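Computed from the coordinates by the stated procedures, all read-outs in this text should not be read as laboratory data. Given the structure is predicted, the values throughout are model-derived calculations rather than measurements. Here the Cβ is made from the backbone with ideal geometry for all residues, glycine too, and neighbour counts use every protein chain on show.
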Amino acid sequence: MKKKTIPDDKYRVIKIGKEAIFEFLYESFTDKIETFFDVSDSSTVVTGFDIDWDKGEFICIARNEMSENEHLQMNVDLQKLLSELEATTDTLFRNNRYVELSKSDIEKVIDC
């Protein structure tokens, strides 16, 4: 197999737009759901994502997998939660990255 390298005196450049940035964040987050949300199996959780481009903020919410009686939607206004909730961490690479909220806690934050 031929070794892949960058030729001498050459640069490889990738420039991406907003959609690709969101896609990258989403894919990176989903690859590390177990780590970021402290779960053993990412297939047991449902997630939702949103981003505020003006503020440069990203939100990811996760909960247990749905029961048969629930709908696929997260049923949380992520835009409103993103705008009202304070940052939960300044880095994803330490413990206590997330806060654990009940549905009523989320409603209180959204109704502020």
In degrees, nearest 10, range 0 to 90: what is the angle between the Cα axis of helix 18-31 and the longest Cα principal axis of the chain?
-> 70 degrees
How high is the relative contact order of the stretch 18-110, in percent, counting Cα pairs under 8 Å that sit 6 or more residues apart?
-> 22 percent
Cα atoms only, the stretch 5-66: Rg and Dmax in Å?
-> 16.0, 53
Give the longest segment of the chain that steers clear of chymotrypsin sites (Phe, Trp or Tyr not before Pro) in DSSP loops with at most 12 neighbouring Cβ atoms within 10 Å, not counting the sites themselves.
-> 12-52
Which value in nm describes the separation of the simple spin-label points at residue 102 and residue 30, placed 7 Å from the Cα toward the beta carbon?
-> 3.2 nm
With at most 12 other Cβ atoms within 10 Å, longest stretch of the chain clear of loop trypsin sites (Lys or Arg not before Pro) (DSSP) = 56-93
What pairs from 32/103; 80/103; 32/55; 18/108; 2/32 go past 26 Å between their alpha carbons?
-> 18/108; 2/32
Report the charge-dipole magnitude of the stretch 18-110 in Debye, nearest 20, computed about the Cα centre from +1 at each Lys and Arg Cβ and -1 at each Asp and Glu Cβ.
-> 200 debye
Label-point gap, in nm, between residue 45 and residue 16 - each point 7 angstrom along Cα→Cβ | 2.1 nm
Calculated from DSSP H runs of 4 or more alone, at -39500 (n - 2.57) each and per residue, what is the 222 nm mean residue ellipticity of the chain, nearest 500?
-> -8500 deg cm²/dmol
Inter-probe distance in nm under a simple model that places probes 7 Å from Cα toward Cβ, at residue 54 and residue 84 | 1.8 nm
What ratio of Cα Rg to 2.2 N^0.38 Å holds for the stretch 18-110?
-> 1.08
